[in-house]
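Worksheet: one structure, shown below.
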């Protein structure tokens, strides 16, 4: 069944409607009949329905903002309307949204952004010189010296150069070419763009642990052997806080494995302003670096990106500060370092707190949290609860998370959204709430879990 | 042929590669053979090629950023390298990018954005109180009172309420429901989202003229009769400057046509921060309003939007100021009104200038420009030039625009990108350059055209 879409722009001029594409559906023809029977409602069957819509969109599932999050929104509205619950607020521990949980923005980043936004402030003595210098450099690279102009579809040139310089530093000298850098609307936009070009669906992921160098080598070797295109979501590269671990980029490991790998494995790596110690999710800034991409495919990539014109230029400017922060000797370096250490130090403290408390609870096992901002504890779900879930046509971990939300107001994501091993159950929870609040949250999860085990024993 | 994509997130844990999807292509198998023959290059045939990529992406065409714009970029690089041309700069008259052409941002909008970006400025005496009030209201509606938090996928609540109030005012009281408002990443994002749900491709558009109320009625009646889903790109609603015309929204006309239409015709209308007198393209702010959408489809829409988390929150804040500017009695009203009148007055002057000059040139005909920011002149292309174009495997208007770019540095868009009537030729040019520069541009187009006619006579 086809439907025609009429795209009408202001000033379509004297075009005659009869020259447009059109079609009739049998459902719509039936709808006319319905109209005659019930003229008082004056409403026909709609053209766009679950049956007539794009089935591929209908099939989309996204656990992090799925049914649990919709339910959380409903509960918040009920609380606002004064409906009594066993809790007073919903705690959104489903998504890594640092500033929504009270993390303060990094001052330097916001100073540069404010200067770029309202350049009159460049004359203000209350902004440091290094922030002004950064802002001037970014504005000079923007059309009309303004964040309000479109950028090139691939992103502002000088920002792509800064990203390439950052990657080169990060990887100990492995060169990065600005021509291989694409600025994106957050990392999710880059990933979906590459998947569009690849057609096939993406694999699955797990969170909270840092991959060892050996594990990355295995993945690269496997991709080389099986001729796979490799997508590396490396948005947590600044969030490693366990003293025993460090971040290894896929690109660096690829180069260290020698030319057979570094000249052949096609890789796209993603980073964003949303995670890291910056936590600037709302600006939707990001970049991707592509390695060994065929030049013709790079042309196709730019064409595809150009349809959406450009990523938000304010997000591009934020990305520039993430990859190009103050350095020793600059006026803002001390404050910047203090703020960065504070964010990462707090995350490390909360990671330990979470791991310790979860592992005291019978039926919960939590691996050490080494990086990122999530715990992914494995939970035991009793057989009777599995049956109850099936009676509600829910996956057992979805059932568990829905009950947790309804009874405590805590919103987490069922592990089935992340490809957990068959027969095991997990949930994903952020560790972003402030320490005292996180303690309360963990205590509530503990009480809920013990009660859940008793109820379905 | 299939390719498997491995999505590897930081901390994918001890997952074994053997559990992933995989496939082998015959092309890749051949590539291994090539490798044995030429070990010195150590490069296999790539996995992702024009042949193996998503054919739907390959088929994408977007005239506004197509081959002409790529060529313009090449010429700019050549100019930077000191290569002599008959001109010293490329003038990008292909896209409505007001601030890149020197238009100054509206002060009030940037003040509110700077305050939202760096809330320390809320204590500064150099910002007006009404801008501070707007900024506080927006921040209070953001998670953690920060532009750096994700918003709901549909957009920040209070901004959607402001948009609904704006539409209600604009349409003389026809009600708008905030629940039907979706904030988007510019208008293009909203349009592509709706098209994704509809599957079928969009129609075509022409620009520079304002639709009469009668024309809109005809379109709505046609959509009702043929059961079409109506998309109304209304991003130029603030850009009507001809004294003989005014903007009619599709929604208002729909309601005035009575319940048979207003209860049945499914409509999505789009607006953005990019056009209007604001011209804030880089912030990628926008909204869409949907009318008569099935509740189940609204659920699907939010699900689809949620995969990308949320539109840039800075763009959402900019959208709020576009729909909720200073009003009489507020501190910023006078300056705001002066700036707005200046932008629209300048556009009106340049529209007249463009129309008058083009119509003096033999072989160019230009309709009156009543709104938006473009001229869409019809051009005569001689038979010998059509032959020359065919020899270059180009559409005749593409050939014309490519020559115009190469000889004058002026970058415009061939009319074939906008669905011009068969056998006619046009190009689209913005009227955004400052008046003196626009005069030079128009003179150059005139000289080029006369020369082109002589050359191919």
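What follows is calculated from the coordinates using simple rules that are stated; it is not laboratory data. Please read all numbers here as calculations on a predicted model, not as lab measurements. Using ideal geometry, Cβ is built from the backbone for each residue, glycine included, and neighbour counts are taken over all protein chains shown.
Hydrodynamic radius of the stretch B:141-325 by the Kirkwood approach over all distinct alpha-carbon pairs: 16.8 Å.
Per residue of B:136-149, other chain Cβ atoms within 10 Å of the residue Cβ number 6 on average.
Judged by the mean number of other Cβ atoms found within 10 Å, the most tightly packed of the peptides A:262-269, A:308-315 leads the ranking A:308-315, A:262-269. Averaged over the residues of A:107-119, the number of partner chain Cβ atoms lying within 10 Å of the residue Cβ comes to 6. Shown for residue A:353: label points 7 Å from Cα along the beta-carbon vector, and their distances to the equivalent points in the other copies, 6.3 nm in ascending order. For the protein assembly as shown, the 222 nm mean residue ellipticity estimated from helices alone, with every DSSP H stretch of n ≥ 4 adding -39500 (n - 2.57) and the total spread over all residues, rounds to -13500 deg cm²/dmol. Treating each Cα of chain B as one equal point scatterer and applying the Debye formula with no solvent, the log10 of I(q)/I(0) at q = 0.06, 0.10 Å⁻¹ comes out as -0.34, -0.91. Work out the mean other chain Cβ neighbour count within 10 Å for the residues of B:412-425 and drop it here as an integer. The per-residue average across the peptide is 1. A simple packing score, the average count of other Cβ atoms within 10 Å per residue, orders the peptides B:274-282, A:145-153 as B:274-282, A:145-153, with the highest score first. Calculate the length of the line joining the C-alpha centroid of the stretch B:342-386 to that of the stretch A:164-181, in whole Å. So the two Cα centres are separated by 47 Å. In this label model, residue A:83 and residue A:335 are separated by 4.6 nm, measuring between points 7 Å along each Cα→Cβ vector.
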